[in-house]
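Data first, discussion second: the structure below is written as structure tokens.
The values are calculated or read from the model by the stated rules, or taken from the named source; none is laboratory data. This is a predicted model, so every value here is computed, not measured. Heads up, the Cβs are rebuilt from the backbone with ideal geometry, glycines too, and the neighbour counts pull from every protein chain shown. Protein only, heavy atoms only, side chains kept; ligands, DNA and RNA dropped before computing areas. Shrake-Rupley method; radii C 1.70, N 1.55, O 1.52, S 1.80 Å.
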Amino acid sequence: DSGVTQTPKHLITATGQRVTLRCSPRSGDLSVYWYQQSLDQGLQFLIQYYNGEERAKGNILERFSAQQFPDLHSELNLSSLELGDSALYFCASSVGGITGYTFGSGTRLTVV
Amino acid sequence: GQQVMQIPQYQHVQEGEDFTTYCNSSTTLSNIQWYKQRPGGHPVFLIQLVKSGEVKKQKRLTFQFGEAKKNSSLHITATQTTDVGTYFCAESYSGGGADGLTFGKGTHLIIQP
């Protein structure tokens, strides 16, 4: 157990639907990062939150959004899902700054 | 962040052989991190290198940061089946209140017993 909790572990949904992925960071970590991992694209950075505020955006589609709540857990919302959104979605946390990240076990999203 | 290039993409070795993966950048890196992802698992932080020419060891793993801070390598001596997985290098950056990691595509290590 890495200390970063992601739910659900697996999700199967139809095209056009909306899903919410949840992440609880490691205790004491203020930064949360979301990454998408697909076979052909590797680990792609989506978005970063630090202590409730959005800090950086990567290759995140407009159909995707995220937030970090006062208790520091974060949610990634994916809407109008397409087949190409099928991937592993990882959440990672860190204390902030240039330090190693702790990754959760991921959510495998399958869009059918 | 800059795109870091990793080679090779795949590496097949016999158990007991050595393995090396390389990470290259066209620009100077502030620092580099290495992660390992087992099949079906999540990336796990291995190490961070910051100084020019830095060499760090973790048991059979040796990490190096180039003198010009434009390349890094991970060398595994006498591979074991537990070393199977994908090894990623990642460039870390910080600025404007944000920090993040840009990952290389990874090197998949396949070990034949």
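Worth pointing out:
- Among the residues of region B:90-113, the ones that are more than 11 Å from chain A (Cβ to nearest Cβ), closer than 23 Å to B:MET5 by Cβ and of a type in the set (A, V, I, L, M, F, W, C) come to 2 in all.
- Summed over region B:7-36, the residues that are open to solvent by less than 20 Å² (accessible area, probe 1.4 Å) and under 14 Å from the mean Cα position of the chain (by Cα) give a count of 10.
- Scanning region A:46-75 for residues that are assigned to a strand (DSSP E or B) and either closer than 20 Å to A:SER24 by Cβ or more than 11 Å from chain B (Cβ to nearest Cβ) (or both) yields a total of 15.
- Residue list for region B:85-113, restricted to those being free of Cβ contacts under 8 Å to residues at least 24 places away in the same chain and outside any strand (DSSP E or B): B:GLY96, B:GLY97
- Tally, over region B:70-84, of residues that are open to solvent by 10 Å² or more (accessible area, probe 1.4 Å), touching a residue at least 40 places away in the same chain (Cβ under 8 Å) and among the β-branched types (Val, Ile, Thr): 3
- Selection count where residues are part of a loop (DSSP other than H, G, I, E, B) and under 14 Å from the mean Cα position of the chain (by Cα), scope region A:1-25: 4
- Counting only strands (runs of 3 or more DSSP E) wholly contained in region B:28-79, the ones carrying 2 or more residues that are within 19 Å of A:ALA92 (Cβ to Cβ) occupy B:32-37, B:43-49.
- Some residue of region B:85-101 being of a type in the set (Val, Ile, Thr) and either modelled with pLDDT under 95 or surrounded by fewer than 14 Cβ atoms within 10 Å (Cβ to Cβ) (or both): no
- Selected residue (criterion: surrounded by the most Cβ atoms within 10 Å (Cβ to Cβ)) from residues of region B:50-69 that are within 13 Å of the chain's Cα centre (by Cα) and touching a residue at least 24 places away in the same chain (Cβ under 8 Å): B:PHE65
- Total residues in region B:8-20, condition within 14 Å of another protein chain (Cβ to nearest Cβ) and in a strand (DSSP E or B): 1
- Identity of the residue in region A:76-104, under 16 Å from A:ASP29 (Cβ atoms) and surrounded by fewer than 21 Cβ atoms within 10 Å (Cβ to Cβ), that ends up modelled with the highest pLDDT: A:THR102
- For the criterion of being surrounded by fewer than 21 Cβ atoms within 10 Å (Cβ to Cβ) and farther than 28 Å from A:ALA56 by Cα, B:ILE110 passes.
- For region B:38-49, the candidate set comprises residues that are open to solvent by 40 Å² or more (accessible area, probe 1.4 Å) and either more than 8 Å from every other protein chain (Cβ to nearest Cβ) or basic (Lys, Arg) (or both); within that set, the residue that is farthest from the chain's Cα centre (by Cα) is B:GLY40.
Each row is one residue, and each column tells you yes or no for (1) farther than 24 Å from B:VAL44 by Cβ; (2) hydroxyl-bearing (Ser, Thr, Tyr).
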{"position": "A:ARG18", "(1), (2)": "yes, no"}
{"position": "A:CYS23", "(1), (2)": "no, no"}
{"position": "A:SER38", "(1), (2)": "no, yes"}
{"position": "A:GLY42", "(1), (2)": "no, no"}
{"position": "A:TYR49", "(1), (2)": "no, yes"}
{"position": "A:GLY58", "(1), (2)": "no, no"}
{"position": "A:ASN77", "(1), (2)": "yes, no"}
{"position": "A:GLU82", "(1), (2)": "yes, no"}
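- If you go through region A:26-38 and keep only what is part of a loop (DSSP other than H, G, I, E, B) and open to solvent by less than 10 Å² (accessible area, probe 1.4 Å), you end up with just A:ASP29.
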